[in-house]
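The values are calculated or read from the model by the stated rules, or taken from the named source; none is laboratory data. Computed from a prediction, not measured in an experiment: that's the story for all the values here. Cβ: placed from backbone, ideal geometry, glycine included. Neighbour counts: every protein chain shown.
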Amino acid sequence: MKFDTPAGRNPIDQLKVIGKPTDRIEGPYKVTGTAPYAYDWHDPTLTPLYGFVVGSGVAKGRIAGMDLTTAKAAPGVVTIVTAETAGPLGLGQFNTAPLLGGPEVAHYHQAVALVVAESFEQARAAAALVRVDYDEAKGAFDLAASRGSAKAAKIQTNPAETAIGNFEAAFGKAAVRLEETYTTPNEAHAMMEPHASIASWEGDALTVWTSNQMIDRSVSDIVKTLKMPKEKVRLISPFIGGGFGGKLWIRSDVILAALGARQAGRPVKVALTRPLMFNNTVHRSGTIQRIRIGADTDGTIIAIGHESWSGNQVGGRPEGAVAQTRLLYAGSNRMTAERVAALDLPESNAMRAPGEAPGLMALEMAVDEMADRLGMDPVQFRIKNDTQVDPEKPERPFSQRQLVAALRDGAERFGWSKRVATPGQVRDGRWRVGLGVAAAFRNNQVMKSGARVRLGADGMVTVETDMTDIGTGTYTIIGQTAAEMMGVTLDKVVVRLGDSSFPISSGSGGQWGANSSTSGVYAACAKLREAVTQKLGFNSDDAVFEDSQVRSGNRSLPLAEAGELVAEDAIEFEGLANKYQQSTFGAHFVEVGVDAATAEIRVRRMLAVCAGGRILNPKSARSQVIGAMTMGVGAALMEELVVDKTRGFFVNHDLAGYEVPVHADIPHQEVIFLDEVDPISSPMKAKGVGELGICGCAAAVANAIYNATGIRVRDYPITLDKLLERMPDAA
Amino acid sequence: MRAFSYERPTTPAEAASAIAARPDAKFIAGGTNLLDLMKLQIEMPAHLVDVNGLGLDKIEPTAEGGLRIGALVRNTDLAADGRVRKEYGVLSRAIVAGASGQLRNKATTAGNLLQRTRCPYFYDTAQACNKRQPGSGCAAIGGISRQLGVIGTSEACIATNPGDMSVALRVLDATVETVDAKGATRTIPIAEFHRLPGDTPQVETALKPGELITAVSLPRPVGGTHFYRKVRDRASYAFALVSVAAIVQRDGSGRVAFGGLAPKPWRVEAAEADLPEGAKRVADRAFAEAKPTRDNAFKLKLAERALDAVLTEARG
C-alpha cells in the first residue's frame, strides 16, 4: 500500500480497540519468566557450548603475539576463535570498527578472541588464561583536543551545514546576544539485557537467536560480515530486554557466536558481560556545542546558530546535535554546522533520540539563558518564537505542531506562574528549590513496513512481521491494530514478531516503530478485508467488520465463515515527508531541590506534555514517556562515560561506576498527551513518543537547578562538584 | 573465575587453621564482594573456607555495658537491632545508607569490614594496580580520580575504603576480635584495623594470614545525637563521595569520622576538640595533610559543608 496522500476516515478511527489503555498482551510471559529472551532460548535439540569474549587490553595498536596454549588446555575448552582462525571477515554497513579485532586493534575491549567451552564457567576461566601481547600505539581520545581536525558530516541524509539569510551580520547587530559553549558527555545505553546470541549451523545455513531491534538490516550485516548468502541466515529475536539504540545493529556476540559454532561444529551461546559492554559495544558520543542566539529587545529571535562537534572512529557518523535547531524556532538568519572528529575511543552510534537528545540539552539551556537576558519568562520566549513552517524552507508547513499548546497546558498544570523568576530565592528546609522548563522536539520518521495477516477457520487473526518489541509495547499495539481492522476483540489476535522468516518491517528505532509497523499491519489487514468480503460476497466499500462479524446492510456473516485466508502487504511512504515537516512536540516541566549545604540535586516533580499524533495505547505510551524522562534525569545529573584520555577507554565500565537513576531518584512523574491525529503521518494518524520524552528533559532539569541556585552549569552531567564552589553559604 | 575447592568448618579455630595451611585460601561469608571479584579474576582463591556455619551470628551485651556483634551478623539484622538503634544510632544509619536491601540481607559484619576498594582501575585487570598486582604501578594516579582518596593515600595507591559501616564503627571506638589457627585470640582497635597503603597497598588490614574475625565489640554507649550523612551523586545505591559519621553532645563537643576520603575511615581525634568552633576549624585540622587530585579536591570542601550541615542540625 502506497501512502502518498493524507489519510481519510478509515476503520482505525472507530477507536474501539486502538486508543484504549491496554495491558501488554505478552506481559504474562514476562512476569512468569516464560518469555524466551536470547540467552534463555531453551531448545531441547540444542546443546550449546558457551563462548566468553576476550576484549583488547589496549585502545589502539597491534597484537604482537597471542599465547593460547594454557587456555586451550584448560578444562572443558573446545576451541578458541581469533582473527587468525576466523579468516577474512567483511564489515557490516552499520558497523564502523570490526567486530573481531586482530592483528590491528581499533578500540579498548574490542573482541580479540572467543573462548568456547562446555560450560560458561569453564569458558570464563579459560578466557583469563589467554595471553595477548600488544604493541600499543598512541591514539586520539580527547574530543576537545581533536576538535580542530573535525570534518563536516551529514546527519543521516541531511546536510552537514545549513545557512539562511546572513547569520553573522544579524547576530552582530542583535540587541541581545548569547554566545555560549555547552558539552554533553559520552553516554551508555545501559539497557538491562546485555547483547546475547545463540548461533547454530545446519550445513551452510545459520540460525541466530539474539536480541536485536532491526531484524532485516541485521541479517544483511551478518551476511556482509560472514560473506554468505542472505537466504542462508535466519535471525530470531522475539523478546528484547531493552535496546535504546544499542541493538539497532549486530555486535560481537552475534558474529563470535556464529564463528564459534562453525569452528566447534556445535551451537554456541555468547553474552557480553556487563564490564565488557561499555567499551566493546557502542555509545552516544560526547558533544561540544556552540550556540549563538541574537534577538530584538521584544524577544524576537533574529539570528540563531548552532555548531556541534562529536567524535567517532574514522568513517563513523556524527551525533547530529544541531538537527532540532533547524526546525524548532523561528528566526530569519540561521546557521548550523555538524562536525565529527576522528577518535580512537570505542565506536559511537545511535542512542535514544540521537542528535536531538544531546542537542536539546544544549539548545534548551541556551534558550533559557536567552530568556533570562531578555528578562522574559522562558515559556513566553518560546511561544513568541514559535513557527508553523520549516524555518529553513518556509514552503513546508508542519503537519501538526502543538508546541505552544504543550507549553501553555504544562505551565497551567505545573503551577508555573508561581515560579520566582529571580534565581536562588526559594527555600524549603535544607533545599533550595527551583523550577525549569524546556521544549521537547523529535522528528517523526516513517519507514517502509510489511506484515502478513492470517485469518483462521476459528476466526482467530494471526499477525506475523519481523517487527521487534524492545519493551515498548509493540506486541500490544500491533494486536490492537489487527483487532480494530478485522472487527474482533484483542484476545482473538495472535502476534508473532522478531523472526526474519516474517515480512520485513520498519524495526524499532528512532521512535518510528509504533507508527510505521502498525501502518504495515493496517495495509495487510486492508488486503485481508478485501479477501474476506470477496469470499463472503460482500461489497468491500460498505462492509463493516465488527464483533467478529462482517455486515453490509441487513446481511451479516461470521468472520470465521470466510475460512482460512492470508494477506501480506507493506506500507510504503511516498512524497508527504517532502511536502510537510513531520515532528513531535512537547514541553517538560521540572522542580528540583538542591541541598543548601552539599549541593546534592534531587528532582522533586516532573511533568511532560506531549503531542505525538494519535496515541495508540495510552498505557504503554505513558510508560515510554516516563522511562524517557527517567533517562533524561540520568543525562542531566549523573550519566557519563568517563574517558581516560591517556589509555583511551571508558573507565567506569560497570553499573556501579556508570550511574543511572534508581527509584529513589525519580519522584512523581506526570504525562499528558494532547489530543492529536496526524493524517499526514500514516493511516494510523499516529507518530511516536518513545524518544520525545527524553528530548529536552535534561535541559528542564538544568534550568530548574539554575532557578534554584543561580548557578549555570553548561557541562553535563550537572554533579554537585560543579556547583559546590559557587554555592552560597548554607545558612 | 578460577576453579576452587570449598569446605565448611564448624568452629572458628578450625576455620582459621584451614586458611593458615593454605596461602591461596580465603574465608567466605556473605560473598557480596568476594564473588564479584572472583568472577572478574581480581581475587583468585584456590580454596574457600565458608564461615557461615560457625554460629558467630549473635548480638550480646558485654560485661562493660557495650555490645558484642558476632562476625556473621547480617547488616540488615544489625541495623534493625533495637539496642543498636537506640544506643548506637550512627551505626544503624550508616548501614542502611549502604548497598541495597538485598545486599544487606547477605552481607556480614566482618565481611563488610573487609570489603575492598571500588577504584575502577582495581576492577580492570588490563590496568596497572599496585593493590591488585603489587609492583605493577597505579593507573589511577594521573588517571580518573574523582571518587578516589584525598588523604592518607600514597605514591603507590590513592584508593579509598568504600565502607559506610566502618566509618560508624570508627566513631564508636569499636574493637575487632579475632582468633588464629592456634586458637589464640586478640582484639584490634578499629583505628588500627585498616591500614594506610604506604608502599604495600595490597595489605589493607592488621589481620595476619589465617586470622579470623569473630566479633566486633562496641564500648558503653556515649549518648549524644547520632548522625550519618552520606553524600552521593544519586539518592541510593551509590558509594559515598563523602560521608560524615558524628556523635554530638549537648555542649557541642563530640566525635566525627569521615568516609569516602581515605583508604580507611578518617578520624582525627585532635581535631574533634574544635567541634564547638564549627566545621571549618575541624576540617582544617583533620585534612591538614590532604593531597587531593584535580578531580577530587572538591571532596574537602564537600566534607566541610556536610559536617557543617550536621552541626547545624545538631544545634537544632
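Among the residues of segment B:195-212, are any within 29 Å of residue B:299 (Cα to Cα), of a type in the set (A, V, I, L, M, F, W, C) and touching a residue at least 24 places away in the same chain (Cβ under 8 Å)?
yes
I'd like to know if segment A:697-715 contains one or more residues that are within 8 Å of chain B (Cβ to nearest Cβ), at pLDDT 95 or above and surrounded by fewer than 24 Cβ atoms within 10 Å (Cβ to Cβ).
No, every residue in segment A:697-715 fails to be within 8 Å of chain B (Cβ to nearest Cβ), at pLDDT 95 or above and surrounded by fewer than 24 Cβ atoms within 10 Å (Cβ to Cβ).
Residue check, residue A:330 against (1) within 17 Å of the chain's Cα centre (by Cα); (2) not in a helix (DSSP H, G or I), all met but one. Which one?
It fails just one condition, (1).
Would you pick out the residues in segment B:1-52 that are in a loop (DSSP other than H, G, I, E, B), surrounded by fewer than 18 Cβ atoms within 10 Å (Cβ to Cβ) and in contact with a Ser or Thr (Cβ under 6 Å, 6 or more places away or on another chain)?
The answer is B:41, and nothing else.
Listed here are the residues, each with its yes/no results for (1) assigned to a strand (DSSP E or B); (2) within 18 Å of residue A:511 (Cα to Cα); (3) out of contact with any Gly (no Cβ under 7 Å at 6 or more places or on another chain); (4) not assigned by TED's automatic domain parsing to the domain that holds residue A:508.
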site: A:189; (1), (2), (3), (4): no, yes, no, yes
site: A:192; (1), (2), (3), (4): no, no, no, yes
site: A:198; (1), (2), (3), (4): yes, no, yes, yes
site: A:208; (1), (2), (3), (4): yes, no, yes, yes
site: A:212; (1), (2), (3), (4): no, yes, yes, yes
site: A:217; (1), (2), (3), (4): no, yes, no, yes
site: A:220; (1), (2), (3), (4): no, no, yes, yes
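Mind checking which residues of segment A:71-93 are within 14 Å of another protein chain (Cβ to nearest Cβ), buried (at least 17 other Cβ atoms within 10 Å of the Cβ) and either in a helix (DSSP H, G or I) or among the hydrophobic types (A, V, I, L, M, F, W, C) (or both)?
A:71, A:74, A:77
Is it the case that residue B:167 is among the β-branched types (Val, Ile, Thr), more than 14 Å from every other protein chain (Cβ to nearest Cβ) and assigned to a helix (DSSP H, G or I)?
Here the answer is yes, as residue B:167 does meet what is asked.
Go through (1) touching a Leu at 6+ places or on another chain (Cβ under 8 Å); (2) surrounded by 20 or more Cβ atoms within 10 Å (Cβ to Cβ); (3) over 29 Å from residue A:44 (Cα atoms); (4) among the small types (Gly, Ala, Ser) for residue A:150 and report which single condition fails.
Result: residue A:150 passes all but (1).
Determine whether residue B:291 is within 14 Å of another protein chain (Cβ to nearest Cβ) and either of a type in the set (S, T, N, Q) or surrounded by fewer than 22 Cβ atoms within 10 Å (Cβ to Cβ) (or both).
Against the criterion (within 14 Å of another protein chain (Cβ to nearest Cβ) and either of a type in the set (S, T, N, Q) or surrounded by fewer than 22 Cβ atoms within 10 Å (Cβ to Cβ) (or both)), residue B:291 does not qualify.
What do you reckon, is residue A:643 on the phi < 0 side of the Ramachandran plot and in contact (Cβ under 8 Å) with a residue 12 or more places away in the chain?
So residue A:643 passes the test.
Return only the number of the condition from (1) farther than 28 Å from residue B:122 by Cα; (2) crowded, with 20+ Cβ neighbours inside 10 Å; (3) touching a Pro at 6+ places or on another chain (Cβ under 6 Å) that residue B:197 does not satisfy.
Unmet for residue B:197, out of (1) farther than 28 Å from residue B:122 by Cα; (2) crowded, with 20+ Cβ neighbours inside 10 Å; (3) touching a Pro at 6+ places or on another chain (Cβ under 6 Å): (1).
If the requirement is being free of Cβ contacts under 8 Å to residues at least 24 places away in the same chain, among the basic types (Lys, Arg) and away from every other protein chain (no Cβ under 14 Å), which of these qualifies: A:605, A:529, A:614, A:551?
A:551
Which of the residues spanning segment B:106-128 are facing chain A (nearest Cβ under 9 Å) and over 17 Å from residue B:263 (Cα atoms)?
Within segment B:106-128, B:124, B:125, B:126, B:127 meet the criteria.
For segment A:281-290, how many residues are part of a loop (DSSP other than H, G, I, E, B) and more than 19 Å from the chain's Cα centre (by Cα)?
0
Given the residues B:205, B:153, which is the only one that is surrounded by 24 or more Cβ atoms within 10 Å (Cβ to Cβ), away from chain A (no Cβ under 14 Å) and at pLDDT 95 or above?
B:153
Test residue B:280 against the criterion of being farther than 28 Å from residue B:99 by Cβ and either within 14 Å of chain A (Cβ to nearest Cβ) or surrounded by 24 or more Cβ atoms within 10 Å (Cβ to Cβ) (or both), and give yes or no.
Working: farther than 28 Å from residue B:99 by Cβ: yes; either within 14 Å of chain A (Cβ to nearest Cβ) or surrounded by 24 or more Cβ atoms within 10 Å (Cβ to Cβ) (or both): yes.
Yes: the conditions hold for residue B:280.
I'd like the full set of residues that are among the aliphatic types (A, V, I, L, M), closer than 16 Å to residue A:57 by Cα and within 14 Å of chain B (Cβ to nearest Cβ), limited to segment A:124-156.
To start, the set of residues in segment A:124-156 that are among the aliphatic types (A, V, I, L, M) comprises A:125-130, A:132, A:137, A:140, A:143-145, A:150, A:152-153, A:155.
Those left that are additionally closer than 16 Å to residue A:57 by Cα: A:127-130, A:132, A:137.
Those that are among the aliphatic types (A, V, I, L, M), closer than 16 Å to residue A:57 by Cα and within 14 Å of chain B (Cβ to nearest Cβ): A:127, A:128, A:129, A:130, A:132.
Taking residue A:340 as the residue in question, decide whether it is of a type in the set (Val, Ile, Thr) and without any contact (Cβ under 8 Å) to a residue 24 or more places away in the chain. Working first, answer last.
Values: of a type in the set (Val, Ile, Thr): yes; without any contact (Cβ under 8 Å) to a residue 24 or more places away in the chain: no.
Judged against the criteria, residue A:340 is not a match.
With the requirement that a residue be of a type in the set (D, E, K, R) and either buried (at least 24 other Cβ atoms within 10 Å of the Cβ) or not in a helix (DSSP H, G or I) (or both), what does segment A:617-660 give you?
Listed by number, the residues that qualify are A:639, A:640, A:644, A:645, A:647, A:654, A:659.
Considering each of A:96, A:45 in turn, give the residue that is part of a loop (DSSP other than H, G, I, E, B) and over 24 Å from the mean Cα position of the chain (by Cα).
A:45
I'd like to check something: does segment A:664-675 contain any residue that is over 30 Å from residue A:570 (Cβ atoms), buried (at least 22 other Cβ atoms within 10 Å of the Cβ) and either among the hydroxyl-bearing types (Ser, Thr, Tyr) or within 14 Å of chain B (Cβ to nearest Cβ) (or both)?
Yes, that holds for at least one residue.
What tally of residues in segment B:208-221 results from selecting those that are surrounded by 16 or more Cβ atoms within 10 Å (Cβ to Cβ) and farther than 22 Å from residue B:14 by Cβ?
Total satisfying the criteria: 3.
Only one of B:159, B:139 is within 14 Å of chain A (Cβ to nearest Cβ), of a type in the set (Gly, Ala, Ser), surrounded by fewer than 24 Cβ atoms within 10 Å (Cβ to Cβ) and closer than 30 Å to residue B:121 by Cα; which?
Going through B:159, B:139 in turn, just one is within 14 Å of chain A (Cβ to nearest Cβ), of a type in the set (Gly, Ala, Ser), surrounded by fewer than 24 Cβ atoms within 10 Å (Cβ to Cβ) and closer than 30 Å to residue B:121 by Cα: B:139.
Within segment A:116-123, is there a residue that is small (Gly, Ala, Ser) and either under 26 Å from residue A:643 (Cα atoms) or in contact with a Lys or Arg (Cβ under 9 Å, 6 or more places away or on another chain) (or both)?
Within segment A:116-123, one or more residues are small (Gly, Ala, Ser) and either under 26 Å from residue A:643 (Cα atoms) or in contact with a Lys or Arg (Cβ under 9 Å, 6 or more places away or on another chain) (or both).
Considering only segment B:84-97, I want to know if a residue exists there that is over 30 Å from residue B:233 (Cβ atoms) and assigned to a helix (DSSP H, G or I).
Yes, segment B:84-97 contains a residue that is over 30 Å from residue B:233 (Cβ atoms) and assigned to a helix (DSSP H, G or I).
Among the residues in segment A:268-280, are any in a loop (DSSP other than H, G, I, E, B) and buried (at least 24 other Cβ atoms within 10 Å of the Cβ)?
Within segment A:268-280, none of the residues are in a loop (DSSP other than H, G, I, E, B) and buried (at least 24 other Cβ atoms within 10 Å of the Cβ).
For residue A:429, only one of the following conditions fails: (1) over 30 Å from the mean Cα position of the chain (by Cα); (2) touching a residue at least 12 places away in the same chain (Cβ under 8 Å); (3) more than 25 Å from residue A:672 (Cβ to Cβ). What is its number?
With (1) over 30 Å from the mean Cα position of the chain (by Cα); (2) touching a residue at least 12 places away in the same chain (Cβ under 8 Å); (3) more than 25 Å from residue A:672 (Cβ to Cβ) applied to residue A:429, the lone miss is (2).
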